[in-house]
Amino acid sequence: MKKKICSLLLAGVLAFSGTISVFACTGTIVGKNMSEDGTRLIARTEDIGGGHTKRYVVQPAMQYTKEAVFVDRNTGFTYPQPAKAYKYTYVPDADVEGDGIYGEIGFNEFGVFVDATISAYPNEQAESADPFVEDGFREANMVSILLPRIKTAKEGVELVASIVEEKGAAEGNILVIGDSKETWYMEIYTGHRYAAIKVPDDACMVFPNCFMLGDVHLEDKENVFASPDLITFAQENGFYKEYEGKFHAALSYAEELTEGNRQRLWGGQNFLAPSQKISYQKEVFDLFMTPDEKVSLQDVMELQKYRYEGTEFDANKDDEVREIGTERQAECHVLQIKENYPEELGGIMWLAMGNAEHSVYLPTYGNITDTHEAYKSSALNYSPDCAYWIFRSVATLAELNREKFGASVREYWTQYQQNLIDNQEQIDKKILELYAKSPKEAAEYATKQGILIADDAMKKANIIYEELMTYIAAEGGRPNKEAFVPSIAK
């Protein structure tokens, strides 16, 4: 992520945050053949900072005049508005005047989703040959540009490609675009070069802030969409590289793998396939891996909390390690795409505000028309009425002492989470029954359910916060003999 970081402290207790200065994200994709229940899973952590307020809102459909233009006030990037902009959900920054919108993740009314983005960086040769464009396309605008305009995932990939070719990219990025039928993984390398692949059903992928694509088959028009000169441009400018006798896009265009990216690649792949004992010093980490077992929704949630516990890189014992489950997560999400859903329903977004380790993933459908009022709050400082701060405050306190303060909080939310997952089948059944009669009624029901679930979770979080704050305050006089346990968990 490339944002201006606001230093917002929660009563001074955010000072515990890790010492590594890299602000970044980690993505995961699990194809339907690799998931436990046959659904597609697309996930990402937004690791921008512990005091970085996020919202979750619905942007209604809009009508625009022929002259209307989208403007990025930070860079000068412009793009014509569509005559009719589709409705969509998104998770923007509260401070959009700071460095931009950063809508991050959402569904539109046609069930198309965009997950944008994971920042990645080219090597010096590639960037020198095709420099980034200062007022080009950047992460802050991707959701806001794409979701109001596209009806399919492929349209989204084509639109990104056309913008990068015409206006240029301002930065290197990895994004994921999907719909009810397919998912596309896309890498933007330099000012005007990119590559995208249709994700196979048997894919399992964990990708931090580094390009991962290997051999890109430009002739495969069904499954690949890339700059026509992706390979020849690298050859002509002296940065073409092969791996095992074949062109390798990442080795050619990307910077050398950093330790922070290596740690997350190793950590993610070992989390999903411990029996394979993947070497930390592996020369090239493949984009696709085979997990030991089919991957569940809960597995992906736990992966986003993973701090390499029990390994030589245990982040709870070494604050120089770049863990996946960092305290700097502003929000984390997992999209669950089910084949039996109507296209316009999209899927379920499981959204955790704050960092996942001591927060909870709450479900909403792609067809909702509104969100809980607390999700809409733009409070940049702690507020008990802001969803971000409600969950962030609990995590902040819990992580001051993971064993004494946080263990029971994590345990409580894990059980709460499991109850939501167990109940989802019944909610799915109701949604599909309503949708068959009236898509509007289905949307109303989905909206109501999302607000009710959020309301209950926030009330529980406020109870935990009040009790944990009192418990920690008492530590200053005489340390508590017993570890903290929320009253609602007893």
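The values are calculated or read from the model by the stated rules, or taken from the named source; none is laboratory data. From a predicted model like this one, the values you see are computed outputs, not experimental measurements. Backbone-built Cβ (ideal geometry, glycine too); neighbour counts: all protein chains shown. With ligands, DNA and RNA removed, areas are computed over all heavy atoms of the protein, side chains included. Shrake-Rupley method; radii C 1.70, N 1.55, O 1.52, S 1.80 Å.
Summary of computed values
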item	result
Helical contribution to [θ] at 222 nm, DSSP H n ≥ 4, -39,500 (n - 2.57), averaged over the chain, rounded to 500	-9500 deg cm²/dmol
Normalised convex hull volume, the stretch 308-392, alpha-carbon set, Å³ per residue	125 Å³
Kyte-Doolittle at least -0.5, axis length at least 30 Å by Cα - qualifying DSSP helices, the chain	439-475
If the convex hull is drawn through the Cα atoms of the stretch 102-217, its volume per residue in Å³	103 Å³
Surface accessible to a 1.4 Å probe, ARG322 within the full protein complex, Å²	10 Å²
For HIS217, net neighbour charge (Lys/Arg +1, Asp/Glu -1) across residues whose Cβ lies under 14 Å away	-1
Mean Cβ count within 10 Å, highest first, over the residues of peptides 121-129, 247-255	247-255, 121-129
Against the rule of thumb 2.2 N^0.38 Å, how large the Cα Rg of the stretch 245-381 comes out	1.26
Alpha-carbon Rg/Rh ratio, for the stretch 12-134, with Rh computed the Kirkwood way	1.01
Computed Kirkwood radius, in angstrom, where 1/r is averaged over Cα pairs of the stretch 371-457	15.1 Å
Accessible surface ranking that places the most exposed of ILE174, ILE231 first, with a 1.4 angstrom probe	ILE231, ILE174
Spatial separation of Cα centroids for the stretch 423-490 and the stretch 342-411, in angstrom	9 Å
Whole-number D in µm² s⁻¹ for the stretch 412-469, Kirkwood Cα-pair radius fed into Stokes-Einstein, 25 °C, 0.890 mPa s	191 µm²/s
Ratio Rg/Rh, restricted to the chain and using Cα atoms, in which Rh is the Kirkwood radius	0.95
Accessible surface of LYS246 - all protein chains present, 1.4 Å probe, nearest 10 Å²	110 Å²
Total formal charge among the other residues, if their Cβ is under 14 angstrom from that of GLN125, Lys/Arg +1 and Asp/Glu -1	-4
Normalised contact order of the chain, rounded percent, pairs of Cα under 8 Å and 6 or more residues apart	17 percent
Sorted peptide list for 363-369, 348-354, 284-290, criterion being average Cβ within 10 angstrom, highest first	348-354, 363-369, 284-290
Counted charge near LEU362, where neighbours are those whose Cβ lies closer than 12 Å (Asp, Glu -1; Lys, Arg +1)	-2
Estimated distance in nm for a label pair at ASP422 and LEU400, the labels positioned 7 Å out from Cα along Cα-to-Cβ	3.3 nm
Rg and Dmax of the stretch 42-86, Cα atoms only, in Å	15.1, 41
